[in-house]
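Nothing in this text is a laboratory measurement; each read-out follows from the coordinates by a stated rule. Nothing here was measured: the structure is a model prediction, and the numbers come from that model. Don't worry about glycine lacking a Cβ; one is built from the backbone with ideal geometry, like all the others, and counts go over all protein chains shown.
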Amino acid sequence: MKEPRQVQCRSCATAGFSLIELLVVLAVMLILTTLYWNHGPSKRDRELSACRVNLEKVYLALQIYSRDNADKYPFVSNAVTSEEALALLVPHYTSDTAPFICPSVGESSLPTGVSFGDWKISYAYYMGRRGSDTDRVLMSDAQVNTASKGVGARVFSENGKPPGNNHGKGGGNFLMGDGSVTSSTGDALFPIIVQPPVVLLNPKP
């Protein structure tokens with residue numbers, strides 16, 4: 001009786017990956033991951049980008065408000081903080097209060113769908129602007145003070161301490177009247193004039 005003949009498979013011996021091939025693939029993946037994290041957006045850029053999205057969302061609510069109020073943005077006589085004026089947007093013009101807190105500051109602790117006049121937000125507001133003021137600053141991250149600023153003047157915290165330290169010492173964002181958002185490392189990129197009827201309101205300290 002003949003014994004069954006074993007079938008030889010020439011490709012079977014080379015069908016799997018060798019240890020060297022696996023190590024090479026792992027090394028390439030490690031190099032690509034390192035390159036991505038070293039050359040990807042910095043933490044500051046990611047935070048400023050998230051903050052920019054917040055300001056764009058608030059801008060939409062401001063636009064709707066201005067259309068309902070003869071081209072005027074929220075105005076409260078004798079207001080001393082940005083919360084007092086911007087609280088007029090909630091809940092009629094937006095029920096989402098999360099965008100009023102800068103992502104760098106932390107998670108929103110504002111109530112949803114109700115006015116936040118008694119709470120603290122993150123952004124400064126140029127009260128008195130109109131919808132037609134498309135080339136002027138409308139909002140920004142909290143600033144070091146409420147005065148006018150020339151080109152190169154300090155706008156955001158230099159040492160990471162309050163006031164004006166939404167992003168530590170990493171600068172901040174300006175929301176313009178046309179809805180665009182410009183980032184700064186900390187100094188004014190253009191003249192920012194504050195004169196009646198416009199006043200700059202910082203958030204509560």
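The figures follow:
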read-out: Helix-only mean residue ellipticity at 222 nm for the chain, each DSSP H run of n ≥ 4 adding -39500 (n - 2.57), per residue, nearest 500; value: -8500 deg cm²/dmol
read-out: Exposure proxy ranking, count of Cβ atoms within 10 Å, fewest first, for E84, E21; value: E21, E84
read-out: Nitroxide proxy distance, nm - points 7 Å out along Cα→Cβ at T112 and L32; value: 3.8 nm
read-out: Given charges at beta-carbon only (K, R positive; D, E negative), |dipole| of the chain in Debye; value: 520 debye
read-out: Under 18 Å from K57, Cα to Cα: aspartates and glutamates that are on another chain or at least 8 residues apart; value: E47, D68, E83, D96, E107, D141, D178
read-out: Nearest-ten-degree value, helix 43-68 long axis tilted from longest Cα axis of the chain; value: 50 degrees
read-out: Mean-position separation - Cα centroids, the stretch 126-205 and the stretch 46-122, in angstrom; value: 15 Å
